[in-house]
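Read through the structure below, which is laid out as structure tokens, and then see the notes.
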Ligand code: DC
């Protein structure tokens, strides 16, 4: 298990995907799982942000109960790096701004986190994994052999995310993206359940000004150093 955590736009997905390919491990993008739940809540007409604004996260309200029912009936499947909700491939809906504006509120809900945690541990039982998210090294896989905290300056993270949007054919200014990123950072690192934290035994890597290749090379060296000359990691 290689556990990679860090804030939005630090390059975790790209780096983790490439690292997994080099190592022959599977790749688990846990942010995509929270995004899929968010997409489903939006489709079902739940209003997660209203609940998250409540100090008790809306527990006991109709909205909260509806989300619990929708999640209980939701089948989330990961196949070939694509995400299926109740049999429908929703991968292309995961990185929209609508989903982004709600995903921090959804991922603060303890019943959502508990369900995702179980699913993530289930995936890891099937073989070696590079998993990326916010609480991989600190909560979900505390005994992971390798832990990385991948960071980058907020301005660089905003630049990368606005390039992602441009790739989707949407023009969003870097300053708007920066503002949204800072809000998400605050929500993700101040929530009660599994906030974004660097695990004490994680390797800190600042990717500001580094190419993806340079970051992947750094992480490969970290894994291989401890893995010695054995098995998959030396390929
Ligand atoms: O990495 P990302 O931007 O795709 O993550 C989307 C959101 O999901 C992010 O705002 C925080 C949440 N998340 C989380 O709470 N825990 C994880 N392990 C992964 C993501």
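The values are calculated or read from the model by the stated rules, or taken from the named source; none is laboratory data. Quantities reported herein were computed from a predicted structural model and do not represent experimental measurements. Positions of Cβ are generated from backbone atoms using ideal geometry, with glycine treated the same way; all protein chains shown enter the neighbour counts.
Looking at segment 178-214, which of its residues are within 27 Å of residue 97 (Cα to Cα), away from the ligand (no atom under 12 Å from the Cβ) and surrounded by 16 or more Cβ atoms within 10 Å (Cβ to Cβ)?
178, 198, 207, 210
Select from segment 107-134 the residues that are part of a loop (DSSP other than H, G, I, E, B) and near the ligand (Cβ under 8 Å from one of its atoms) and write down the one among them that is surrounded by the fewest Cβ atoms within 10 Å (Cβ to Cβ). Walk me through how you get there before you give the answer.
From segment 107-134, those part of a loop (DSSP other than H, G, I, E, B) are 108-109, 125-128, 134; that's our starting set.
Next, only the ones that are near the ligand (Cβ under 8 Å from one of its atoms) stay: 108, 134.
Values: 108: 22, 134: 25.
Of everything passing the filter in segment 107-134, 108 is surrounded by the fewest Cβ atoms within 10 Å (Cβ to Cβ).
Filter segment 155-173 for residues that are surrounded by fewer than 17 Cβ atoms within 10 Å (Cβ to Cβ) and closer than 22 Å to residue 212 by Cα and give the result.
155, 159, 163, 164, 166, 167, 168
Are any residues in segment 5-26 near the ligand (Cβ under 10 Å from one of its atoms) and not in a helix (DSSP H, G or I), and if so, which ones?
Selection gives 5, 6, 7, 8, 9, 10.
Matching residues to (1) closer than 28 Å to residue 24 by Cβ; (2) not in a helix (DSSP H, G or I):
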residue: 170; (1), (2): no, yes
residue: 179; (1), (2): no, no
residue: 205; (1), (2): yes, yes
residue: 208; (1), (2): no, yes
residue: 216; (1), (2): yes, no
residue: 219; (1), (2): yes, no
residue: 222; (1), (2): yes, no
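In segment 27-45, what residues are away from the ligand (no atom under 11 Å from the Cβ) and either part of a helix (DSSP H, G or I) or over 15 Å from the mean Cα position of the chain (by Cα) (or both)? Don't jump to the end; show me each part of the working.
Here is the first cut: in segment 27-45, the residues away from the ligand (no atom under 11 Å from the Cβ) are 27, 39-45.
Hits for segment 27-45 are 39, 40, 41, 42, 43, 44, 45.
Inside segment 46-103, can you point out the residues that are loosely packed, with under 11 Cβ neighbours inside 10 Å, at pLDDT below 85 and not in a helix (DSSP H, G or I)?
55, 56, 60, 80
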